[in-house]
Amino acid sequence: MGISRDSRHKRSATGAKRAYYRKKRAFEAGRQEANTRIGPKRIHLVRTRGGNRKFRALRLEAGNFSWASEGVTRKVRVIVVAYHPSNNELVRTNTLTKAAIVQVDAAPFRQWYEAHYGQNLGRRRQQKAGGEVAEPEKKSKGVEKKQAARFAAQGKVEAALEKQFEAGRLYAAISSRPGQSGRVDGYILEGEELAFYQRQLRK
């Protein structure tokens, strides 16, 4: 009878086999995993117990990711799955699940940063290659002063993150459950957490 989520078939902590005293029940039933991949959005509705609904995402390509230290969230494109704590097969197949480490497009966050602080972010490569860097737009003295004060107070971006902005891709962790909520949302990795996952990726 399909996938069952009961624990009666399991042995006890001491290794004894448990006696069967009833058949399977509908409330113990499980469903197949969603195996959400990267691609044009495709979501199936699943009717669940009590007439509730789950949103089974089969394909997703963008989601809301937050940059916690700056307190800003943007809808960004998910590019690739870089690491998964449970299974390398999920990396090979680009499967999106909660806790997967993905690379997302850095452009929306860069645009926000440059508008908010009035400073370039991750454009060193462009300048070295002699690429076109946009002319600085004209601002009033008041705006310049405000942006300079903001930058002095909290505008410094850590080196590891700035390097990612230069490459145009940021490491992020998925915190939503795509197979349940139909969304791929998460947060940009920073600080100790980013250092930890970079060590894992180098292994």
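The values are calculated or read from the model by the stated rules, or taken from the named source; none is laboratory data. All values derive from a computational prediction rather than experimental measurement. Don't worry about glycine lacking a Cβ; one is built from the backbone with ideal geometry, like all the others, and counts go over all protein chains shown. Side chains included, ligands, DNA and RNA excluded: accessible areas come from the protein's heavy atoms. Shrake-Rupley method; radii C 1.70, N 1.55, O 1.52, S 1.80 Å.
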Count of residues meeting criterion [crowded, with 17+ Cβ neighbours inside 10 Å and without any contact (Cβ under 8 Å) to a residue 12 or more places away in the chain] in region 78-90: 1
Residue that is most open to solvent (accessible area, probe 1.4 Å), among those in region 157-203 that are among the hydroxyl-bearing types (Ser, Thr, Tyr) and farther than 21 Å from Ala34 by Cα: Tyr187
Among (1) β-branched (Val, Ile, Thr); (2) modelled with pLDDT of 95 or more; (3) more than 23 Å from the chain's Cα centre (by Cα), the one test that Val143 misses: (2)
Criterion (closer than 22 Å to Leu194 by Cβ and in contact (Cβ under 8 Å) with a residue 60 or more places away in the chain) met by exactly one of Lys54, Lys98, Lys75: Lys98
For Ala148: the one exception among (1) modelled with pLDDT under 90; (2) open to solvent by 60 Å² or more (accessible area, probe 1.4 Å): (2)
Every residue from region 32-74 that is of a type in the set (D, E, K, R) and closer than 20 Å to Gly179 by Cβ: Glu33, Arg37, Lys41, Arg42, Arg47, Arg49, Arg53, Lys54, Arg56, Arg59, Glu61
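Quick check on my filter: what residues within region 11-46 are under 30 Å from Val91 (Cβ atoms), free of Cβ contacts under 8 Å to residues at least 60 places away in the same chain and open to solvent by 70 Å² or more (accessible area, probe 1.4 Å)? Walk me through how you get there before you give the answer.
At the first step, the residues of region 11-46 found to be under 30 Å from Val91 (Cβ atoms) are 29-46.
From the residues that got through so far, the ones that are free of Cβ contacts under 8 Å to residues at least 60 places away in the same chain too are 29-32, 37-42, 44-46.
Matches in region 11-46: Arg31, Gln32, Arg37, Pro40, Lys41, Arg42, His44, Leu45.
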Flag if Glu70 is closer than 27 Å to Phe109 by Cα, open to solvent by less than 70 Å² (accessible area, probe 1.4 Å) and touching a residue at least 12 places away in the same chain (Cβ under 8 Å): yes
